[in-house]
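Structure first, commentary second.
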Amino acid sequence: MAKHPIYQELEKRILILDGAMGTMIQRYGLEEKDFRNEALKNHSHPLQGNNDLLSITRPDVISAIHAKYLEAGADIIETNTFSGTTIAQADYKLEHIIYELNFESARLAKEQAVLFTKANPNKPRFVAGALGPTNRTASISPNVNDPGYRAVTFDQLVQAYKEQTKALVEGGVDVLLVETVFDTLNAKASLFAIMDYLEEAGKEVPIMISGTITDASGRTLSGQTTEAFMISVSHVPLLSIGLNCALGASALRPYLQVLAQNSPFFVSAYPNAGLPNEFGQYDETPEMMGAQVEVFLQEKLVNILGGCCGTTPEHIKEMARLAEKYSARKIEQKSEYVYHSTLIS
C-alpha cells in the first residue's frame, strides 16, 4: 500500500501544526447554554468547560477556529478531541456520546482541510486525530497512602482509546496523534489500541506521538527521560515523535536535541507560549516565541512545528513564516543503540 501523502510533504519541507484550541475557545466567552443542544437540554451534569463537546453543540465555533489556523499557514490541524475518551468524559456523564463526539470533530476538521487544499493544491492540509492522555494514569497511584493503587487499568485504557480511534478514523482523519504523554504506559495502551483497530479494520493510518516534559528535571510525570520515552515507543512504526506542552520553547530545546540526534522518525515540537503567569495566562508574543523556535529551525531539530497552550493563529503565522526559510531535519540511519534498545523495550 502506498504511503500517505503526508510522508511526501515531510520529505520536502517543515510542516506547521496548529496552535491551542482551548486558548481560542476562551475568546468566545461561551456559557453553559453553548455546551448544550436539544439532546443535552436536560442533562443533569454541568457541561460548561467540556470543550470537546462544542464539536456537537457549537460546530460553528470549532470550524471557525480550524479555519483561522489554516489561514495562518497550518498544514496540520488537530481535531477537538483532547478529552474524547469514555474515561475523560465520565466526569460529565457523557460516555454515551463518544462516537458522535469524535466522528463530528474529525468531520469538521476534515471539511476545513479539504476546502483549503482545494484552494491551494500545492499546499495540502491534513487532519490529526488528537488522542489525549486521559485524566488517569496507569503508572502512578492517585492515593499517597496506597502506592499500589491505580485508578485505571491498561485494558480499560485500551478499550477507551480503541473506541476513540475508530470514530476518528471513520470521521476522516489523516493521521492519529497521541499527545501530551506524561505516562508512557498510557501511551502504550493508546498505541496498542490504535494498532489493534487498524489491523482489524484493514487500514493504514500514520501515527504521531508527542510526550511532555513536566519540569526542569527533563522527565515525564511518570519519571522517564526523553531518551527512555523514545525507546519505549519505538517498536511502533511511527510517522513522528516529539514533545509538546508544559514548557516554553527555549526550555524544550535540550530535549528536542535528544530526539533529533537519535530518533529514526520525523520529529515534532509544539511548545507553550512560555510559562503561565500568576493569572494562568501566557505572555509570549508571536515574535518572542518565534525568536525561540527559530533556533530549532537553525539547528535542524524538527520536521513538524506548532504551538500548544497560549498559542494563537498569530503565533502559528509567525512560525510558518520562519519555517519557509529553513530546510527540515533529515532522518539519519537508525543508530545501533536505539535499534538494540528498541528490541528489548
Query raised in the report: Which order do Glu278, Glu32, Glu314, Glu227 fall in if you start with the one that has the fewest other Cβ atoms within 10 Å?
Result: Glu278, Glu32, Glu314, Glu227
Query raised in the report: Taking 0.36 nm per intervening residue step and subtracting the Cα-Cα distance, what contour gain separates Asn145 from Leu275 on full extension?
Result: 43.7 nm
Query raised in the report: Can you sort Lys41, Lys317, Lys33 by how many other beta carbons sit within 10 Å, fewest first?
Result: Lys41, Lys33, Lys317
**Report entry** Sites Val295 and Glu332 - FRET efficiency at Förster radius 25 Å, r taken between beta-carbons, to 0.05
**Finding:** 0.80
Query - Equivalent-ellipsoid semi-axes of region 1-133, from the Cα gyration tensor, Å, largest first - result: 29, 16, 12
Query raised in the report: What's the extension gain from Ala119 to Asn37 if we count 0.36 nm per residue and subtract their Cα-Cα distance?
Result: 26.3 nm
Requested in this report: Using label points projected 7 Å from each Cα along Cα→Cβ, tell me how many nm separate Glu170 and Gln8, to one decimal.
Outcome: 3.0
Requested in this report: Using the number of other C-beta atoms within 10 angstrom as an exposure proxy, rank Tyr28, Tyr149 with the fewest first.
Outcome: Tyr149, Tyr28
Query - Reach of Lys300 by Cα under 18 Å, taken over lysines that are not fewer than 8 positions away in the same chain - result: Lys12, Lys325, Lys330, Lys334
Requested in this report: Give the percent of DSSP beta bridges with both residues in the chain that are antiparallel, rounded to the nearest 5.
Outcome: 5
Report task. Would you please classify the overall shape of region 120-248 from the alpha carbon gyration tensor, given that a ≥ b ≥ c denote the square roots of the eigenvalues, rounded means a/c under 1.5, and beyond that prolate means a/b larger than b/c while oblate covers the rest? Result -> oblate
Query raised in the report: Simple spin-label model, 7 Å along Cα-to-Cβ: Phe154 to Glu200 in nm?
Result: 1.8
Query - Charge dipole (debye, nearest 20) of the chain; +1 at Cβ of Lys and Arg, -1 at Cβ of Asp and Glu - result: 560
Query raised in the report: Taking all pairs of different Cα atoms in region 190-345, averaging 1/r and flipping that mean, what Kirkwood radius in angstroms comes out?
Result: 16.3
Report task. Identify the residues of region 21-50 with backbone N under 18 Å of a label point that sits 7 angstrom from the Cα of Asp60 along the Cα-to-Cβ direction, or state none. Result -> 25-39
Query raised in the report: Using a ≥ b ≥ c from the Cα gyration tensor of the chain (square roots of the eigenvalues), is it rounded, prolate or oblate, where a/c under 1.5 gives rounded and otherwise the larger of a/b and b/c decides, a/b for prolate?
Result: rounded
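Each reported figure results from applying straightforward, stated rules to the coordinates on display, with no laboratory input. Here the structure is a predicted model, which means the values were calculated and not measured. Glycine gets a Cβ as well: all are built from the backbone with ideal geometry, and neighbour counts include every protein chain shown.
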